[in-house]
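The numbers here are math on the coordinates, done by the rules we state, and not lab data. Source: prediction; values computed, not measured. Cβ coordinates were reconstructed from backbone atoms using ideal geometry, including for glycine residues, and neighbour counts include every protein chain displayed.
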Amino acid sequence: MLIIDFNAYLGRWPFRRLKYQGTDGLIALMDRAGIDKAVVTSFDSIFLIDYEVGNEEVADACLSHPDKFIPFAVINLDFPGWKEHLKKCVEIYRVKGVKLHPDYHKFSLTGAEMDELVKEVKRYNLPIFVELSVQDMRHHPPYCFVEETPITEATAMIEQYPDVKIVLGGGKHFWSRVESLLKALPPTCENYYIETSGIGGPFDGLRGLVEKIGGSRLIFGTRMPLLIPEAAKLNVEKSKISEMDKELILGGNAVKMLTNLP
């Protein structure tokens with residue numbers, strides 16, 4: 001079984017020193033946790049004004065380690081020229097998806113700019129990964145407190161763009177926000193997936209979520225090196241769900257989503 005982490009980071013976390021950073025640190029964590037491949041973006045694409053630098057770093061790492069890393073491009077819709085940069089990321093960096101950080105970059109998940117992004121990702125046949133929050137907000141330093149993007153915006157996005165694959169991730173207590181999402185969405189919506197690194201409870205792991213939407217809609221992620229990858233992996237492995245669902249979550253769903261992309 002191929003195990004794919006859908007949410008790993010290169011670059012530098014600006015608020016504390018991480019033991020594992022950069023390409024070598026990420027590979028060491030992957031090998032330690034038994035993770036075969038990782039979808040990577042860069043912390044630098046979140047925090048640097050010139051977010052394109054982070055995508056360049058990811059491209060270099062993926063070129064050096066194509067057996068380990070799968071590149072996604074962070075796109076900031078408030079940055080001039082994002083469309084041209086996305087074109088470069090697809091055609092030169094060969095990214096397999098787009099990642100959005102609307103919390104830090106302060107843009108809406110609906111509206112004219114999002115319409116334009118959706119047109120582009122549909123043209124390139126790419127999924128969109130929306131990280132509603134990177135870190136548990138209780139751990140934000142007081143000089144840089146960033147509110148999580150409301151789950152209502154994610155709900156509106158999913159309903160507005162039914163022909164785009166949308167992956168949602170979030171920080172601590174993401175489970176309660178997912179419950180709100182499921183209550184708001186009509187059962188006919190099947191274009192969204194939940195990344196698991198923010199699902200820290202309840203005590204039955206992922207079983208309750210699998211019972212609600214099925215194992216085919218969950219995608220394994222860790223947010224390493226910010227978080228410990230073994231914890232996220234054990235949350236899947238120790239959940240009281242079928243072995244088939246575990247295989248889908250740990251890699252099968254990601255393989256299906258990323259197959260036959262440009």
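Couple of notes before you dig in:
- Anisotropy class of the chain from Cα gyration tensor, a/c 1.5 cut: rounded
- Each peptide in 12-22, 60-70 gets a packing score, the mean of other Cβ atoms within 10 Å over its residues, and the list from highest to lowest is 60-70, 12-22.
- The alpha carbon centroids of the stretch 235-260 and the stretch 79-155 are separated by 24 Å.
- The Kirkwood hydrodynamic radius of the stretch 51-130, based on inverse pair distances between different Cα atoms, is 12.8 Å.
- The stretch 71-216: translational diffusion in µm²/s, Stokes-Einstein, Kirkwood Rh over Cα pairs, 10 °C, 1.306 mPa s: 99
- Take every pair of alpha-carbon atoms less than 8 Å apart whose residues are at least six positions apart; their mean separation over the length of the chain yields a relative contact order of 20 percent.
- The fraction of all Cα pairs in the stretch 190-262 landing in successive 10 Å bins from 0 to the largest distance is 20, 55, 22, 2, given as whole percents.
- Here the convex hull built on the C-alpha positions of the stretch 1-152 has a volume of 128 cubic angstrom per residue.
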